[in-house]
Amino acid sequence: MAGAFDSLADARRALREVRLLRCLRHPNVISVRDVLAPPPGTLATFEAVYIVYELMDADLHAIIASPQPLAPDHWSFFAHQLLAALAACHGAGVLHRDIKPGNLLVNAACDLKVADFGLARVGLGMERGGGAAPAATPASTSSSSAPAPAAAPAAAAPAAAAFMTEYVVTRWYRAPELLLGAEGYGPAVDVWAAGCVLGELIKRKPLFPGRDYLDQLARIVASLGVPDGGGGAPSDDDPALAWVPSARARAYIRGLPGGGGGGGPSSSTPPPTGLAALLPPDTPPAALDLLARMLTFDPAARASVAECLAHPFLAGLGEEEEGEDGGGGGGGAGGSAALPPLRPLTAADVAFEGDESLGEADLRALVVAEMGHYPSAAAAAARGEPGWEGLAGPGGAAPAAADAADAADVPAGLSEAVAAVRL
């Protein structure tokens, strides 16, 4: 991570990455093997953080973009591993917030591992649809009919909530509640992004490649529609969109193609085209049903990770999941019995997030403390380099997660598809 301390935001992202990945040990989460100690005499001035991850061969984006054929059992195999990782993360109180094919790494054994936790947030309420933290109210900055972008969180918000923002997740994988500045969000944002990834595996192209956030919203509504508002003209009282904080935004959605207009037969807006119109005509009904549950517009009605894992499209993949209760259950036949049980992360684990008094030197010192858990710091301490006294840990890298997939469980042809696009 070059320029890790160019700004306080960059420094927090570097610290977040190394701290969360030290705590989250799961077969479908990338593991850190080492965080390299900086050169002697630079503990107070180093600018780059070098993280050594376990070796992976490709990312899911490369596999999707390749000419290698992908069959339904390939889609389900990858989707199950992604959902298993999210079950563990959510159980530990972590929202990833940037699920996309480029952050999903695959090795030659076809194990999928979630990477890049730099935008993750921790322990802020893990309700099914939302409520993770107060978000900003969209500001009225123009007279156009489009909803204005959400403003920054109010200064009076609790410190733990102040760093929960709606501008997360690469746009094409961003849930409606993030696009609309809803007053809270939770695990459902990761479920939506995972649904977009599954849809991309099926279609071999992004489902909703919006040019900007308004175009993104329009594409979603045109395809999926929104819940019926109960008829009549759009108004401030629209129970189906009560979670959208702005009346202006609700009216805008209703006016989009697929938005339902007034909800009656005389509505001038075209109906939604439906999810099936985005996908190949031979998409299995079970895959389409799972995708529809993951891509439900209302976050409170969207399927949970546990419900997705129990869906018939994923039947027979892995052992029974422990769901979102933090159990560490895992990817597949390989299991995770050798790993320590996951525990929910606490406010103390991420106290740096809400502490605005921390400066560059403080955050650098916290990163150095994280380095102390890995072999390079132990080696530096053994050499007698100053600054590591009492800081370096036992010197062993975090235990490697057991492989997520048993070789016998890998669908035919999938290993060859991964090998063909090895990075």
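A few comments on the model shown:
- Any hit, the stretch 39-46, residues being without any contact (Cβ under 8 Å) to a residue 40 or more places away in the chain and either hydrophobic (A, V, I, L, M, F, W, C) or buried (at least 23 other Cβ atoms within 10 Å of the Cβ) (or both): no
Let's see how each residue does on (1) within 19 Å of residue 194 (Cβ to Cβ); (2) without any contact (Cβ under 8 Å) to a residue 12 or more places away in the chain; (3) crowded, with 17+ Cβ neighbours inside 10 Å:
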| residue | (1), (2), (3) |
| --- | --- |
| 4 | no, no, yes |
| 9 | no, yes, no |
| 30 | yes, no, yes |
| 68 | no, no, yes |
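- Residue within the stretch 44-57 that is assigned to a loop (DSSP other than H, G, I, E, B), in contact with a helix residue (DSSP H, G or I) (Cβ under 6 Å, 6 or more places away or on another chain) and over 24 Å from residue 421 (Cα atoms) present: yes
- Flag if residue 327 is modelled with pLDDT under 50, over 27 Å from residue 175 (Cα atoms) and assigned to a loop (DSSP other than H, G, I, E, B): no
- The stretch 105-118, subset assigned to a strand (DSSP E or B), more than 10 Å from the chain's Cα centre (by Cα) and among the hydrophobic types (A, V, I, L, M, F, W, C), residue surrounded by the fewest Cβ atoms within 10 Å (Cβ to Cβ): 105
- Scanning the stretch 271-295 for residues that are over 17 Å from the mean Cα position of the chain (by Cα), surrounded by 13 or more Cβ atoms within 10 Å (Cβ to Cβ) and assigned to a loop (DSSP other than H, G, I, E, B) yields 271, 272, 273, 274, 279, 283, 284.
- Unique residue being at pLDDT 90 or above and assigned to a loop (DSSP other than H, G, I, E, B) when the list is 61, 26, 90: 26
- Here residue 353 meets each of (1) assigned to a loop (DSSP other than H, G, I, E, B); (2) in contact with a Lys or Arg (Cβ under 9 Å, 6 or more places away or on another chain); (3) modelled with pLDDT under 90 with one exception, condition (1).
- Every residue from the stretch 342-378 that is under 15 Å from residue 50 (Cα atoms) and aromatic (Phe, Trp, Tyr): 374
- Test for residue 78: is it part of a helix (DSSP H, G or I) and of a type in the set (Phe, Trp, Tyr): yes
- Inter-residue pairs, beta-carbon under 9 Å, first under 25 Å from residue 360 (Cβ atoms) and in the stretch 47-62, second in a loop (DSSP other than H, G, I, E, B) and of a type in the set (Asp, Glu), 6+ apart: 47/6
- Counted residues, the stretch 357-387 - those being assigned to a loop (DSSP other than H, G, I, E, B), out of contact with any strand residue (DSSP E or B) (no Cβ under 6 Å at 6 or more places or on another chain) and surrounded by 15 or more Cβ atoms within 10 Å (Cβ to Cβ): 5
The values are calculated or read from the model by the stated rules, or taken from the named source; none is laboratory data. Treat the numbers as computed from the prediction; the structure is a model and nothing was measured. Please note: Cβ atoms are built from the backbone with ideal geometry, for glycine as well, and neighbour counts cover all protein chains shown.
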